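Reading through the C-alpha cells given below for one structure.
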Amino acid sequence: MGTIRPFGSLCTMQTISNPPMPPRPPRGPPSRRSHEHEHVGRGTRDAIRAVAARFFADQGYHGTRLHEIAEYVGIQKASIFHYFASKEELFRAVLEEGHGQTEAIIRRALAAEGGWLERARGLLEAYVDLVSAHPEQAKILLRHSLGDAPDGYDGRSDSDRLLSLVTTFIADGQQAGAFAPVDGPTLVLGIVGMVAFFFTSAPVVAPHWILDLSYEERIEHVRRHVVAVVERALASGAAT
C-alpha cells in the first residue's frame with residue numbers, strides 16, 4: 001500500500017503505478033561516483049525535470065520545495081537555477097514535456113497506415129501506455145484543475161492544440177462515413193478522464209480491486225475496455 005496525502009478534495013496515493021522515488025542520498029555534497037550511478041544515461045536537466053514531476057504530482061506545486069528536488073537529484077539547490085530560472089519555469093518545463101510526449105504519440109498514431117478505426121485503436125492503446133508509464137503528468141493536470149499551479153499559469157493553448165488534433169481526426173472520419181456522428185470533444189474528454197482517473201484515483205476509490213491485478217494486467221484491462229468503448233461509440237450508426 002502507498003501513502004495517502006489529502007489535498008483539498010483530492011487524495012493521491014503512491015502505488016506501483018507510480019514507481020517510488022530514488023532513495024534520498026545522504027546530506028552533504030554527493031560523491032561523483034554516486035551521482036553517476038543515479039543518473040546514468042541522462043543529463044542533469046532531465047533528472048531535475050523527472051524528479052520535479054514526481055514531486056509536483058505527489059505534493060502539488062505549492063507543496064513542492066526545490067531543496068528537496070535538489071537533494072534527490074544529488075545536487076545543490078542553487079544548481080537548479082543553472083537549468084531553470086525559477087520554480088514556475090520548472091513547472092512549465094514539466095508540463096511541456098508531457099504535452100510534447102502526448103502530441104508525439106497522437107501524430108504518430110494518426111499518421112500510421114490503416115483504416116479509420118484501426119488508427120483510432122492505435123491512438124487509444126498508445127495513450128493508455130503513455131499515461132500508465134507517466135501517471136505523474138495526469139496527477140499534475142488534475143491538481144492544476146483544482147487551482148494548484150503558479151499564479152497566472154494558463155496551459156489551455158497546449159491542451160486546445162492536442163484536443164484539436166484528435167477531434168479533427170474524428171470529424172474527418174465522420175465526413176468519410178467511417179465514424180458515427182458523435183460529439184468529438186465530449187468523446188475525447190470522456191476518454192481522457194476515464195484513463196487519467198484509473199491511473200490516479202482508482203487506487204483510492206477501489207484499492208482492493210487494484211491489488212487483485214498485477215500492474216501489467218491493469219494496463220491491459222484499461223487498454224482493452226477503453227478501446228471497446230470507443231469502437232462502439234465510433235462505429236455505431238456509421239455508414240458501411
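Only the coordinates and a few stated rules stand behind these numbers; no lab work does. The structure displayed is predicted, hence computed values, not measured ones. Note that each Cβ is placed from the backbone with ideal geometry, even for glycine, and that neighbours are counted across all protein chains shown.
Cβ crowding within 10 Å, taken as a proxy for footprinting-reagent exposure, orders 199, 84 from fewest neighbours to most as 84, 199.
For residue 105, put the label point 7 Å out on the Cα→Cβ axis and report which residues of the range 190-211 keep their amide N under 14 Å from it. It comes to 191-200, nothing else. Each residue of the range 90-105 is assigned a 3J(HN,Hα), and the resulting list reads 5, 4, 4, 5, 5, 5, 4, 4, x, 5, x, 5, 5, 4, 4, 6 Hz, derived from the Karplus form 6.51 cos²θ - 1.76 cosθ + 1.60 (θ = phi - 60°), x at Gly and Pro. Residues in the range 43-51 carry Karplus couplings, in order, of x, 5, 4, 5, 5, 4, 5, 5, 5 Hz; the curve used is 6.51 cos²θ - 1.76 cosθ + 1.60 with θ = phi - 60°, and Gly or Pro positions show x. Close amide H contacts of residue 63 (hydrogens built in the peptide plane, cut-off under 5 Å, sequence separation of 5 or more or a different chain): none are found. Across all Cα atoms of the range 87-201, the radius of gyration (one decimal) and Dmax (whole number) stand at 14.9, 48 Å. Spacing of the modelled spin labels on residue 220 and residue 46, each 7 Å from Cα toward Cβ, amounts to 3.0 nm.
Summary of packing: across the peptides 180-186, 192-198, 48-54, 89-95, the per-residue average of other C-beta atoms within 10 Å ranks them, highest first, as 48-54, 89-95, 192-198, 180-186. Count charges around residue 212 for me, please; just the other residues with Cβ under 15 Å from its Cβ, Lys/Arg as +1, Asp/Glu as -1. Around residue 212, the charge tally is -2. The calculated FRET efficiency for the pair residue 164 and residue 112, based on their C-beta separation and a Förster distance of 25 Å, comes to about 0.85.
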